[in-house]
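These notes are about the structure you will find just below.
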Amino acid sequence: MQTFEMLMATFGGDNAATEIALITHRRDLARLGLLDSNKKCMLNVSDRIDHIEKNGRTVLTFEKPLYIYEVRPRSWGFGPDGYDLEVLYTTYRSTDPKRA
């Protein structure tokens with residue numbers, strides 16, 4: 001059982017439990033069909049990441065799957081709606097009890 005402070009740090013993005021912070025460009029998300037009709041990122045909390053591909057080839061495989069625990073738009077002022085980047089904070093623990 002984690003302490004309240006550890007839980008607050010984890011879900012506030014300030015915990016070393018963040019394994020990888022992935023930076024994605026909205027143009028790439030659109031190309032992959034990961035923006036909805038309102039141009040909002042369709043990647044969600046508890047989505048699992050098993051590997052990363054480039055040009056259809058796997059370039060990075062994770063020993064344990066990563067789970068997204070926060071999706072945060074960044075770089076105010078550059079994209080058509082004010083953002084052009086999305087930051088995905090990941091951890092090895094799922095926040096979805098069905099995936100734990």
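Things to note:
- Exclusive hit being modelled with pLDDT of 85 or more and either in contact with a helix residue (DSSP H, G or I) (Cβ under 8 Å, 6 or more places away or on another chain) or among the aliphatic types (A, V, I, L, M) (or both), set GLU86, GLU53: GLU86
- Residue tally, condition in a loop (DSSP other than H, G, I, E, B), of a type in the set (S, T, N, Q) and farther than 20 Å from ASP84 by Cα, over segment 26-71: 2
The values are calculated or read from the model by the stated rules, or taken from the named source; none is laboratory data. Bear in mind that the values here come from a model prediction, so they are computed numbers and not experimental data. Cβ coordinates were reconstructed from backbone atoms using ideal geometry, including for glycine residues, and neighbour counts include every protein chain displayed.
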